[in-house]
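Have a look at the structure below before the remarks.
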């Protein structure tokens, strides 16, 4: 629903600006960056709803997904988070219009996606290790209690 609202409001705003400025408006690098990010965000939304969310629902937890599905979920999630915030930053950054090239505007975008993905991988590795340690500790207590019960 958020993507639908984003497309509707975006098309409305672009339509109003196009009506006032003509085709030259589409040469704005900031507008091109925003449109590109929203298109990528839309494809990612289809991926999330078609593959990631059903797998998460079936597994019950991110940590219970297979390695490849977990990596897909982490990348797709990082991509989504970075894309929403980057598009919002471009949306409120009026001074960026015409000041920077498309390449300059998008230079940090892949870096932030890779950084977000890397941080999510580290976080899930930490969570998985913590979960394993907790289960091992639980097993030790259960074994110890069973040994004491035999006395």
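Brief remarks follow.
- Per the conditions (1) closer than 28 Å to residue 132 by Cα; (2) within 20 Å of the chain's Cα centre (by Cα), the sole criterion not satisfied by residue 1 is (1).
- Test for residue 84: is it touching a residue at least 40 places away in the same chain (Cβ under 8 Å) and at positive phi: no
- Considered as a group, the residues in segment 88-102 that are in a helix (DSSP H, G or I) and touching a residue at least 60 places away in the same chain (Cβ under 8 Å) include one that is nearest to the chain's Cα centre (by Cα), and that residue is 90.
- Within segment 56-81, being touching a residue at least 40 places away in the same chain (Cβ under 8 Å) and in contact with a helix residue (DSSP H, G or I) (Cβ under 7 Å, 6 or more places away or on another chain) holds for 62, 63, 70, 74, 75, 77, 78.
- Condition met for residue 111 (assigned to a helix (DSSP H, G or I), modelled with pLDDT of 95 or more and loosely packed, with under 14 Cβ neighbours inside 10 Å): yes
- For residue 53, the criteria (1) free of Cβ contacts under 8 Å to residues at least 12 places away in the same chain; (2) closer than 17 Å to residue 6 by Cα hold in every case but one, which is (2).
- Against the test of being under 30 Å from residue 70 (Cβ atoms) and in contact with a helix residue (DSSP H, G or I) (Cβ under 8 Å, 6 or more places away or on another chain), the options 14, 38, 4 yield a single qualifying residue, 38.
The values are calculated or read from the model by the stated rules, or taken from the named source; none is laboratory data. Note that the structure is predicted; figures quoted are calculated from it, not measured. Methodologically, a virtual Cβ is constructed for each residue, glycine included, from the backbone with ideal geometry; neighbour enumeration extends over all protein chains shown.
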